[in-house]
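In what follows, a structure is listed as structure tokens, so that the remarks can point back to it.
No lab work stands behind these numbers, since they all come straight from the coordinates. The model shown is predicted, which means the values in this text are computed figures rather than measured ones. Here Cβ is always computed from backbone atoms with ideal geometry, including for glycine, and neighbour counts include all displayed protein chains.
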Amino acid sequence: MSQYANANDSEPEATRRTASDAESSRASRGWWDRNADDYQREHGAFLGDDRFVWGPEGLDEADAALLGPAADLKGRRVLEIGAGAAQCSRWLAAQGALPVALDLSHRQLQHALRIAAEAGGAPVELVEADAGALPFRDGSFDLVCSAYGALPFVADPVRVLREVRRVLRPGGRFVFSVTHPLRWAFPDEPGPEGLSVAASYFDRTPYVEQDESGRAVYVEHHRTLGDRVRDVVAAGFRLVDLVEPEWPDWNTQEWGGWSPLRGHLIPGTAIFVCTADAAQRP
Ligand SMILES: C[S@@+](CC[C@H](N)C(=O)[O-])C[C@H]1O[C@@H](n2cnc3c(N)ncnc32)[C@H](O)[C@@H]1O
């Protein structure tokens with residue numbers, strides 16, 4: 001299931017087994033620290049230094065306005081979780097927002113510093129932390145966002161969602177994208193072999209890559225679409241939209257198992273648009 005090339009690791013074993021929150025976080029930190037350079041080299045041009053791309057389909061926040069009209073972002077306090085090299089936050093800063101880009105991986109954040117030094121632009125505050133324990137006061141942000149950050153990699157997504165709900169002000173909005181859950185039933189291959197169901201969509205057993213001692217070095221967690229809806233509601237959000245971006249004709253680029261071939265046939269990304277209604281505190 002891993003969509004990301006494992007360039008620096010010596011052939012870990014891919015399996016399906018349980019992985020705790022602590023084991024998943026430890027694996028993610030190590031994997032992203034080891035692979036950030038290759039990841040940014042491979043995907044940096046597509047992501048852009050200061051674009052806000054929701055996923056491999058290339059849906060751009062400048063067009064989609066899922067966080068609200070760009071003109072309304074000025075002065076908004078925005079938290080991006082699992083920000084990677086903070087490209088999305090850099091776009092938000094360019095709109096006049098006040099973004100904080102949070103990520104578990106030191107190396108990913110070093111790439112954020114590198115891009116800022118090379119490209120300039122409005123400043124973005126960077127925070128190295130786990131999305132499951134956000135180091136911010138209640139109600140600190142007007143908006144929270146995440147493009148494939150943190151949530152696909154954690155064992156306890158409700159813990160993260162509750163943390164996001166806590167740091168959002170009442171009425172605030174949280175928008176996050178993840179691999180479309182349907183993809184878990186198919187092999188993670190961009191070609192025709194990725195079009196035949198090979199596993200149960202209902203099997204929530206995590207995908208784990210482990211080293212020879214059985215230690216997880218990469219973990220992804222599967223939630224069905226219904227699980228994700230229940231998770232956001234359990235954390236005190238109202239789900240106001242579920243966006244499944246269609247593959248546009250202009251995008252000829254493959255990204256791991258995402259490809260024009262599969263993208264035209266089955267959804268690859270799910271984007272959840274949630275609001276933190278005052279009446280729905282968990
Ligand atoms: C696929 S990248 C997404 C970043 C960016 N939006 C992009 O498209 O490159 C996933 C990011 O989530 C981060 N991440 C994974 N688990 C996390 C956690 N528990 N807390 C915070 N960040 C986490 C990783 O370090 C990585 O930078």
Which numbered condition T15 misses (of (1) outside any helix (DSSP H, G or I); (2) within 11 Å of the ligand (Cβ to nearest atom)): (2)
Residue match in the range 233-243 (condition: in contact (Cβ under 8 Å) with a residue 60 or more places away in the chain, more than 27 Å from D63 (Cβ to Cβ) and buried (at least 16 other Cβ atoms within 10 Å of the Cβ)): yes
Subset of the range 20-40 (residues that are out of contact with any His (no Cβ under 9 Å at 6 or more places or on another chain), near the ligand (Cβ under 8 Å from one of its atoms) and over 11 Å from Q108 (Cβ atoms)): S25
Strands (runs of 3 or more DSSP E) enclosed by the range 161-274 - at least 2 residues per element that are farther than 28 Å from A27 by Cβ: 168-179, 238-243
Only listed residue being surrounded by 17 or more Cβ atoms within 10 Å (Cβ to Cβ), over 13 Å from the mean Cα position of the chain (by Cα), without any contact (Cβ under 8 Å) to a residue 40 or more places away in the chain and part of a helix (DSSP H, G or I), chosen from L109, L92: L109
Yes/no for L126 being crowded, with 16+ Cβ neighbours inside 10 Å, within 8 Å of the ligand (Cβ to nearest atom) and not in a loop (DSSP other than H, G, I, E, B): no
Selection within the range 145-163 - near the ligand (Cβ under 6 Å from one of its atoms) and of a type in the set (V, I, T): V154
Number of the condition not met by E80 [criteria: (1) more than 9 Å from the ligand (Cβ to nearest atom); (2) not in a loop (DSSP other than H, G, I, E, B)]: (1)
Filtered residue count, the range 112-121, keeping only those that are surrounded by fewer than 17 Cβ atoms within 10 Å (Cβ to Cβ) and either of a type in the set (D, E) or free of Cβ contacts under 8 Å to residues at least 40 places away in the same chain (or both): 5
Residue satisfying condition, being within 13 Å of the chain's Cα centre (by Cα), crowded, with 24+ Cβ neighbours inside 10 Å, on the phi < 0 side of the Ramachandran plot and more than 9 Å from the ligand (Cβ to nearest atom), within set A131, A101, A85: A101
Conditions (1) out of contact with any helix residue (DSSP H, G or I) (no Cβ under 7 Å at 6 or more places or on another chain); (2) within 12 Å of the ligand (Cβ to nearest atom); (3) touching a residue at least 24 places away in the same chain (Cβ under 8 Å): number failed by D142: (2)
Selection status of P152, free of Cβ contacts under 8 Å to residues at least 12 places away in the same chain and not in a strand (DSSP E or B): no
Filter result (assigned to a loop (DSSP other than H, G, I, E, B) and among the hydrophobic types (A, V, I, L, M, F, W, C)) within the range 131-149: A131, A133, L134, F136
